[in-house]
Amino acid sequence: MKKIILSILSLGLVISQFCNGQQLIKNENLDKKWWKEAIVYQIYPRSFKDNDGDGIGDLKGIISKLDYIKSLGVDVIWLNPIYGSPNDDNGYDVSDYKGIMKDFGTMDDFDALLKGLHDRGIKLVMDLVVNHSSDEHEWFRQSRSSRNSPYRNYYHWWNAEQGKPPYRYSLFDVNHDAWRYDSLTNAYYLHYFSRKQPDLNWENPKLRQEVYDIMKFWANKGIDGFRLDAFQFAAKDTTFPGFPKGFEKNFNLYYGVQGNLHGYLQEMNKEVLSKYNVMSVAEGAGNTNEDAHNMVDADRHELNMAYAFEAVDIAKKEGYSLIHLKEVFSKWDSTFSEKGWLSIFLANHDQARLVSRFGNDAQEFRESSSKMLTTFIMTMRGTPYYYNGDELGMTNAGFTKIEDYNDVATLNEYQHLKSIGGDLNKFLNQIQFSCRDNGRTPFQWNDKENAGFTTGKPWLQVNKNYKTINEEAQEKDANSVLNYFRKIVKFRKDNPLLTYGKYTLLDKNNPDAYSFTREMDGKKFLILLNFSAKLTTTNTGINFKNTTLLLGNLKKPSVDGTLKPYEAVIYQVN
Ligand code: GLC
């Protein structure tokens, strides 16, 4: 009897798993996780707040602004690297993975910062820069000292008697040559980024253990996650085969997610990530949606999420196609609709300012387009990453001379162009729009000297518009970009469907409006965003009589799908 009942029950289970002949697959994206629900606020420590007057932001400066950070309503802070570094690439060249950069303070400051965040219920994610180290790291000093050094294989070397190594493209080098000859041992070392950023050899198990040890050091301190810098490039074919001529035009195809990268991530997960309550996110997502998916598919035990560049790269030059942007975001959403998880972002420290690239920083539209873009980021599926200063609608710097810039990639490219007789004026025009220093100018706290960032000489010039665009002024204005940011952050937190709900693109061929729905458990939101400076109408097929207006970025929100320039509206569909 018992057997018969059990068979009937299991038959019922099998039937319930099939519907119209299709197996019902559990949607893992509905599994609740804190890192899915989090809103990540990225702090660029060098530019956030200087406490000691040396013109460089520091940890004590961040501590002095903890209440401001709390007031934003965000859950997680991602800090760009704060480790010991000679700063060839502003901390992305680490010389001491377990120490704090002198400019930023001490380990006591770090402990106080972590406690201050945790006391306020905010988590901390650290940047982990282990595709490469600084050439001033002890490992590299030892490695270059002799071919017999036990650290030789911590890096990639090519002995000169084998001839010149097959060409590898360097993103930051003055000559774009990623092999640097070192006469000390008559060999070349590999550096995908600058000469001062030699690539670590992940094929060496000893190096991998060193990295896991570093990760455990920080995890044991109680940090809440790691952002794996440039990690998609970490695995390499160490036979260094020749690549086809011109490969550098699409170098990601040859560098991104190669060889045993997934194996290393699985090992890292087993050795470190699985042992702590930490989130993990990779910078870069390989070449295909499949690559990205494999990194973050929970069943594979690698990472929690990746961030892909395809969307953010669309606005490389002034003027971009919204239809293209919609296609890319929709494609990525569908890849991750049932498994795996994505980050949502349009800006960070490697990009020019959000409003200047994707919105409109002319006085008339700066506020509305900033709010519209923030609405977009906060209403998409995935974990939003939001870059400091964008909540004020900070704009590009407008630098005109090469001397104004600091970024190693930009300065080296300028030297490169100069050496080949390139068009320097054209380059200066381009970087005015796209250089990442645009996003790195000091945070604008008030209209006093240096925007209240420092009492010293700022390491990078303050944007001239700080008298009008600053935190203090926006605190006083209920309709400011800043207060809108707080409102929409709270709105996302109050409505889990914005985290977990299904995304459907509407009116996809509309060149100006981005319209979509999010829905879950019988509840549906309609989001309409005008990405243009024109009045536009979006045809979503939804009858506005059946909608309730929830939120808008303009004083008089649209009630019929006709959107004013840069308008953003959210409705509930009843
Ligand atoms: C990543 C960082 C960038 C840095 C590079 C090299 O792309 O985001 O700022 O320059 O890696 O570490």
| Restricting the range 485-510 to residues that are touching a helix residue (DSSP H, G or I) at 6+ places or on another chain (Cβ under 7 Å) and of a type in the set (Ser, Thr, Tyr), which is surrounded by the most Cβ atoms within 10 Å (Cβ to Cβ)? | 499
| request: Output the residues belonging to the range 128-149 that are within 29 Å of residue 279 (Cα to Cα), in contact with a Phe, Trp or Tyr (Cβ under 6 Å, 6 or more places away or on another chain) and away from the ligand (no atom under 13 Å from the Cβ). | output: 139
| request: Scan the range 82-106 residue by residue and report those that are touching a helix residue (DSSP H, G or I) at 6+ places or on another chain (Cβ under 8 Å), open to solvent by less than 40 Å² (accessible area, probe 1.4 Å) and within 13 Å of the ligand (Cβ to nearest atom). | output: 87, 89, 90, 91
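Would you point out which residue out of 150, 165 is within 24 Å of residue 268 (Cβ to Cβ) and not assigned by TED's automatic domain parsing to the domain that holds residue 123?
Checking each option against the conditions leaves just 150.
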| assigned to a helix (DSSP H, G or I), within 16 Å of the ligand (Cβ to nearest atom) and at pLDDT 95 or above - does that describe any residue in the range 438-461? | yes
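Of the residues that sit in the range 462-482 and are crowded, with 17+ Cβ neighbours inside 10 Å and assigned to a helix (DSSP H, G or I), which one is farthest from the chain's Cα centre (by Cα)?
Looking only at the range 462-482, we keep the residues that are crowded, with 17+ Cβ neighbours inside 10 Å, and these are 462-463, 465-466, 469-471, 473-474, 480-482.
Now restrict to residues that are assigned to a helix (DSSP H, G or I): 465-466, 471, 473-474, 481-482.
Details: 465: 26, 466: 25, 471: 23, 473: 28, 474: 26, 481: 21, 482: 21 Å.
Looking at the filtered set, the residue picked out is 473.
Could we say that residue 125 is outside any loop (DSSP other than H, G, I, E, B), within 16 Å of the ligand (Cβ to nearest atom), open to solvent by less than 30 Å² (accessible area, probe 1.4 Å) and among the β-branched types (Val, Ile, Thr) here? Explain how you work it out, then say what you get.
Numbers: outside any loop (DSSP other than H, G, I, E, B): yes; within 16 Å of the ligand (Cβ to nearest atom): yes; open to solvent by less than 30 Å² (accessible area, probe 1.4 Å): yes; among the β-branched types (Val, Ile, Thr): yes.
When the stated conditions are applied, residue 125 passes them.
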| remark: Output for Cβ contacts, cut-off 8 Å, separation at least six or different chains, first residue under 21 Å from residue 34 (Cβ atoms) in the range 272-291, second within 16 Å of the ligand (Cβ to nearest atom) and of a type in the set (Val, Ile, Thr), reads 279/125; 281/125
| request: State yes or no: is residue 269 within 16 Å of the ligand (Cβ to nearest atom), within 23 Å of the chain's Cα centre (by Cα) and open to solvent by 10 Å² or more (accessible area, probe 1.4 Å)? | output: no
| remark: The residue from 413, 364 that alone is modelled with pLDDT of 95 or more, away from the ligand (no atom under 16 Å from the Cβ), assigned to a helix (DSSP H, G or I) and of a type outside the set (Ser, Thr, Tyr) is 364
| Taking only pairs six or more apart or across chains, which ones have beta-carbon atoms under 9 Å, a first residue in the range 423-440 that is surrounded by 16 or more Cβ atoms within 10 Å (Cβ to Cβ) and of a type in the set (Val, Ile, Thr), and a second residue that is modelled with pLDDT of 95 or more and in a helix (DSSP H, G or I)? | 431/402; 431/410; 431/413; 431/414; 431/437; 431/438
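Assess whether residue 307 counts as being within 16 Å of the ligand (Cβ to nearest atom) and open to solvent by less than 10 Å² (accessible area, probe 1.4 Å).
Working: within 16 Å of the ligand (Cβ to nearest atom): yes; open to solvent by less than 10 Å² (accessible area, probe 1.4 Å): yes.
Yes: the conditions hold for residue 307.
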| Those residues of the range 312-335 which are open to solvent by 10 Å² or more (accessible area, probe 1.4 Å) and in contact with a helix residue (DSSP H, G or I) (Cβ under 8 Å, 6 or more places away or on another chain), in sequence order | 314, 316, 317, 318, 320, 321, 324, 331, 332, 335
| field | The lone exception for residue 282 - which of (1) more than 16 Å from residue 258 (Cα to Cα); (2) outside any helix (DSSP H, G or I); (3) open to solvent by less than 10 Å² (accessible area, probe 1.4 Å) it fails | value | (1)
| request: Quick one: count up the residues across the range 41-70 that are open to solvent by less than 20 Å² (accessible area, probe 1.4 Å), among the polar types (S, T, N, Q) and part of a helix (DSSP H, G or I). | output: 1
| message | Condition check: within 14 Å of the ligand (Cβ to nearest atom), farther than 19 Å from residue 452 by Cα and of a type in the set (Ser, Thr, Tyr). Does residue 44 satisfy that? | response | no
| message | So, in the range 157-188, exactly how many residues are closer than 15 Å to residue 236 by Cα and within 16 Å of the ligand (Cβ to nearest atom)? | response | 4
| query | With respect to residue 73, is the statement that it is closer than 22 Å to residue 208 by Cβ, surrounded by fewer than 20 Cβ atoms within 10 Å (Cβ to Cβ) and either among the small types (Gly, Ala, Ser) or assigned by TED's automatic domain parsing to the domain that holds residue 279 (or both) true? | reply | no
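Residue by residue, here is whether (1) of a type in the set (Ser, Thr, Tyr); (2) modelled with pLDDT under 95; (3) not assigned by TED's automatic domain parsing to the domain that holds residue 516 holds:
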| position | (1), (2), (3) |
| --- | --- |
| 319 | no, yes, yes |
| 327 | no, no, yes |
| 335 | yes, yes, yes |
| 338 | no, yes, yes |
| 345 | no, no, yes |
| request: Restricting attention to the range 511-527, report how many residues are open to solvent by 10 Å² or more (accessible area, probe 1.4 Å) and either of a type in the set (A, V, I, L, M, F, W, C) or out of contact with any strand residue (DSSP E or B) (no Cβ under 9 Å at 6 or more places or on another chain) (or both). | output: 3
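Inspect the range 56-74 for any residue being within 16 Å of the ligand (Cβ to nearest atom) and either under 27 Å from residue 482 (Cβ atoms) or touching a strand residue (DSSP E or B) at 6+ places or on another chain (Cβ under 8 Å) (or both) and give the result as yes or no.
yes
Among the candidates 477, 521, which residue alone is not assigned by TED's automatic domain parsing to the domain that holds residue 38 and not hydroxyl-bearing (Ser, Thr, Tyr)?
Working: 477 fails: not assigned by TED's automatic domain parsing to the domain that holds residue 38.
Only one candidate passes the filter, namely 521.
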| query | Exactly one of (1) open to solvent by 10 Å² or more (accessible area, probe 1.4 Å); (2) touching a Leu at 6+ places or on another chain (Cβ under 6 Å) is unmet by residue 448. Its number? | reply | (2)
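Of the residues that sit in the range 161-173 and are exposed (fewer than 15 other Cβ atoms within 10 Å of the Cβ) and of a type outside the set (Asp, Glu), which one is farthest from residue 249 (Cα to Cα)?
Quick first cut of the range 161-173, residues exposed (fewer than 15 other Cβ atoms within 10 Å of the Cβ) only: 161-164, 166.
From the residues that got through so far, the ones that are of a type outside the set (Asp, Glu) too are 162-164, 166.
Working: 162: 27, 163: 25, 164: 21, 166: 16 Å.
Going through the qualifying residues, I end up with 162.
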| said: When the residues of the range 190-248 are narrowed to those that are assigned to a helix (DSSP H, G or I) and among the basic types (Lys, Arg), which ends up most open to solvent (accessible area, probe 1.4 Å)? | reply: 206
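The values are calculated or read from the model by the stated rules, or taken from the named source; none is laboratory data. Please read all numbers here as calculations on a predicted model, not as lab measurements. Don't worry about glycine lacking a Cβ; one is built from the backbone with ideal geometry, like all the others, and counts go over all protein chains shown. With ligands, DNA and RNA removed, areas are computed over all heavy atoms of the protein, side chains included. Shrake-Rupley method; radii C 1.70, N 1.55, O 1.52, S 1.80 Å.
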